[in-house]
Amino acid sequence: MISADAIRGYVDLMVLSLLRERPSYAYELSQHITARAGYTIKQTTLYSAVKRLESTGLVSSYAASSDSGKPRIYYEITPRGSDHFAQKVAEWRDTKAVVDRFVEGTEE
Amino acid sequence: MNVITAYLDGIFATSPQTAHTAEVKAELRAMMEDSYAAYVDQGLSEHEAAQRVIAEFGSPDELAPQLGTAVADASAGHIDSTHYSPAPITLDAAISFSEARRRTRRRFASAQALFILSPAPLIVLATLGAAGAIGLSVDAGTLIGVLVLLACVAVAILLLIQRQQSLAPFAHVAAGDFLRTEAVDRWARGLAADAAPRRTAALRIAVGLWIVALIPVLAISLLAPPPVADTWIGVAVALMLCMFAAGVFILLTNSTDAGTASALTTARQGAGTDRRG
């Protein structure tokens, strides 16, 4: 079980990762995060993450209709967003490797 | 969806009414609408779906960067908690409080009804015994009546203690020792509105029973000849107590949500204006 606090720092990474696959809208993103991470992300957390990414130019938005025909704001990753994602993935691997060195041998 | 719309309206009530605010609100509303529809498709009732969506909304504080600082003040209840001794109540806590009160409502109502009913056997046995209508002396009848009365009171007190223990985690809520929040206020108002028709119906039935309860006593004392009246007046009084207790039971079991809403909304002034330290 991962606490919501622990995962909060990685919401941006998750959103960018999902948007690399295809453009999506906020509710769909939250559903994918819930399905893959196994925890329900609060709407305001996801919304503020998406908007933060948009304001820093890592994603862009456009209006379109969802599969059910409703008007939704879609987000797509920008080239800068892809670069940022690659950097963040590298950073995460380094972080994980460092932390792993400290937790090695503690598995039950 | 009305509950969700009202919830969002409340969140944005004090934000500047700009085109940007409207955009933010529309997008959040779309998210909530999709989520609501998905929960209803999964088989949840409309009420449950709306509750779930609101519980998953999160903190309005997180919207502050999108809306400017105005929203931080608008989201009353999420104010710097170091200024206040009581903690703001969360929606989850309010829902748990409501459910605990619902679970224990019969115990509470039964205890009150038992208190009212407790003297009935004593009155019946003493009057029938005195009139020689049953094979019991007045003393024996009184003794049995008192024992039953004490047993009823003991059971009623046990029921109340059990209920108090079940509600112990929410003692601070019941005592009003929390800060109200917009989200919980809205939820409580919805709860009160949903509960109102039921409570009104229960109140009508209870008042009807309380009025009808007087009929046996009045009929016996006014219409029956004195010997008959002396014998049966105790039974009539016991009947009156039964109807009185039934009225109380019906009213109390149907007033739970109204009581919960009242506890959640009248405890303290809204968090935004309460600046006690």
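The values are calculated or read from the model by the stated rules, or taken from the named source; none is laboratory data. No experiment lies behind these values; they were computed from the predicted model shown. Heads up, the Cβs are rebuilt from the backbone with ideal geometry, glycines too, and the neighbour counts pull from every protein chain shown. Ligands, DNA and RNA are excluded from the accessible area calculation, which covers all protein heavy atoms including side chains. Shrake-Rupley method; radii C 1.70, N 1.55, O 1.52, S 1.80 Å.
Taking the conditions (1) crowded, with 19+ Cβ neighbours inside 10 Å; (2) under 16 Å from B:Ala93 (Cβ atoms) in turn, B:Pro216 satisfies each one other than (2). Counting only helices (runs of 4 or more DSSP H) wholly contained in chain A, the ones carrying 1 or more residues that are aromatic (Phe, Trp, Tyr) and farther than 19 Å from B:Gln66 by Cβ occupy A:79-103. Within the stretch A:27-48, residues that are more than 9 Å from chain B (Cβ to nearest Cβ) have Cβ atoms under 8 Å from residues that are open to solvent by 60 Å² or more (accessible area, probe 1.4 Å) in these pairs: A:Thr34/A:Thr40; A:Ala37/A:Ile2; A:Gly38/A:Ile2; A:Tyr39/A:Ile2, counting only partners at least 6 apart in sequence or on another chain.
In summary, A:Thr34 fulfils each of the numbered conditions (1) buried (at least 16 other Cβ atoms within 10 Å of the Cβ); (2) closer than 22 Å to B:Leu8 by Cβ; (3) of a type outside the set (D, E, K, R) with the single exception of condition (1). Applying the selection to the stretch B:176-192, what residues are surrounded by fewer than 18 Cβ atoms within 10 Å (Cβ to Cβ) and closer than 12 Å to B:Thr260 by Cα? Of everything in the stretch B:176-192, those that are surrounded by fewer than 18 Cβ atoms within 10 Å (Cβ to Cβ) and closer than 12 Å to B:Thr260 by Cα turn out to be B:Gly176, B:Arg189.
Do we find that B:Ala133 is of a type in the set (Gly, Ala, Ser) and either assigned to a helix (DSSP H, G or I) or buried (at least 17 other Cβ atoms within 10 Å of the Cβ) (or both) in this structure? Let's see the steps before the verdict.
Details: of a type in the set (Gly, Ala, Ser): yes; either assigned to a helix (DSSP H, G or I) or buried (at least 17 other Cβ atoms within 10 Å of the Cβ) (or both): no.
No.
Within the bounds of the stretch B:185-203, is there any residue that is at pLDDT 90 or above and under 30 Å from B:Val148 (Cα atoms)? For the stretch B:185-203, residues at pLDDT 90 or above and under 30 Å from B:Val148 (Cα atoms): present. Checking every residue in the stretch B:47-59 against the condition of being touching an Asp or Glu at 6+ places or on another chain (Cβ under 8 Å) and β-branched (Val, Ile, Thr) gives zero matches.
Could you tell me whether any residue of the stretch B:222-236 is touching a Pro at 6+ places or on another chain (Cβ under 7 Å), under 21 Å from B:Pro121 (Cβ atoms) and buried (at least 17 other Cβ atoms within 10 Å of the Cβ)? Yes, the stretch B:222-236 contains at least one residue that is touching a Pro at 6+ places or on another chain (Cβ under 7 Å), under 21 Å from B:Pro121 (Cβ atoms) and buried (at least 17 other Cβ atoms within 10 Å of the Cβ).
Among the residues of this structure, B:Ser45 counts as one that is under 17 Å from B:Trp187 (Cβ atoms), at pLDDT 80 or above and among the small types (Gly, Ala, Ser). Of all residues in the stretch A:56-93, those being over 18 Å from B:Ala22 (Cα atoms), within 10 Å of chain B (Cβ to nearest Cβ) and open to solvent by 30 Å² or more (accessible area, probe 1.4 Å) number 1. Taken over the stretch B:49-81, the residue count meeting the criterion of being modelled with pLDDT of 80 or more and under 28 Å from the mean Cα position of the chain (by Cα) is 11.
Is it the case that some residue within the stretch B:82-99 is β-branched (Val, Ile, Thr), at pLDDT 90 or above, out of contact with any strand residue (DSSP E or B) (no Cβ under 6 Å at 6 or more places or on another chain) and surrounded by 14 or more Cβ atoms within 10 Å (Cβ to Cβ)? Break it down into steps so the answer makes sense when it comes.
Pass one, the stretch B:82-99, residues β-branched (Val, Ile, Thr): B:82, B:89-90, B:95.
Okay, now just the ones that are also at pLDDT 90 or above, so none.
Checking the stretch B:82-99: not a single residue is β-branched (Val, Ile, Thr), at pLDDT 90 or above, out of contact with any strand residue (DSSP E or B) (no Cβ under 6 Å at 6 or more places or on another chain) and surrounded by 14 or more Cβ atoms within 10 Å (Cβ to Cβ).
Selection over the stretch A:64-108 of residues that are among the polar types (S, T, N, Q), modelled with pLDDT of 90 or more and over 21 Å from the mean Cα position of the chain (by Cα) gives a count of 0. The residue that is most open to solvent (accessible area, probe 1.4 Å), among those in the stretch A:1-14 that are of a type in the set (A, V, I, L, M, F, W, C) and within 14 Å of chain B (Cβ to nearest Cβ), is A:Ala4.
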